[in-house]
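Here's the structure, in structure tokens; my notes come after.
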Amino acid sequence: MTMKGRVLWAIYLYKKGITKNIIFSGGAIYTPYIEAKIMALYAKELGVPEENIFIEDKAEHSTENIYYSYFRF
């Protein structure tokens with residue numbers, strides 16, 4: 001539910017024009033699936049163009065989400 005909420009909120013901000021791009025951040029922590037890639041797939045299926053989606057897939061917790069996103073983009 002948390003991941004779904006993150007994706008839906010990002011799409012809402014994108015569609016309202018509040019942001020031009022979305023960064024999804026999160027690695028494979030509790031499952032073999034990389035969270036950022038899964039969220040990006042959902043966003044793409046819900047209408048966000050691929051060129052407006054960025055992925056950071058190294059983060060293992062909230063502080064790293066910010067750190068890796070800041071230095072990668």
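Figures for the structure shown
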| read-out | value |
| --- | --- |
| Qualifying residue in region 4-16 (condition: surrounded by 15 or more Cβ atoms within 10 Å (Cβ to Cβ), within 11 Å of the chain's Cα centre (by Cα) and of a type outside the set (Val, Ile, Thr)) | yes |
| Members of region 50-73 that are modelled with pLDDT of 85 or more, of a type in the set (A, V, I, L, M) and open to solvent by less than 40 Å² (accessible area, probe 1.4 Å) | Ile53 |
| Residues being free of Cβ contacts under 8 Å to residues at least 12 places away in the same chain and either surrounded by 15 or more Cβ atoms within 10 Å (Cβ to Cβ) or not β-branched (Val, Ile, Thr) (or both) - total across region 29-49 | 7 |
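The values are calculated or read from the model by the stated rules, or taken from the named source; none is laboratory data. These numbers were taken from a predicted model, which means no experiment stands behind them. Every residue, glycine among them, receives a Cβ derived from its backbone with ideal geometry; neighbour counts consider all protein chains shown. Note: accessible area is taken over every heavy atom of the protein model, side chains too, but ligands, DNA and RNA are not part of it. Shrake-Rupley method; radii C 1.70, N 1.55, O 1.52, S 1.80 Å.
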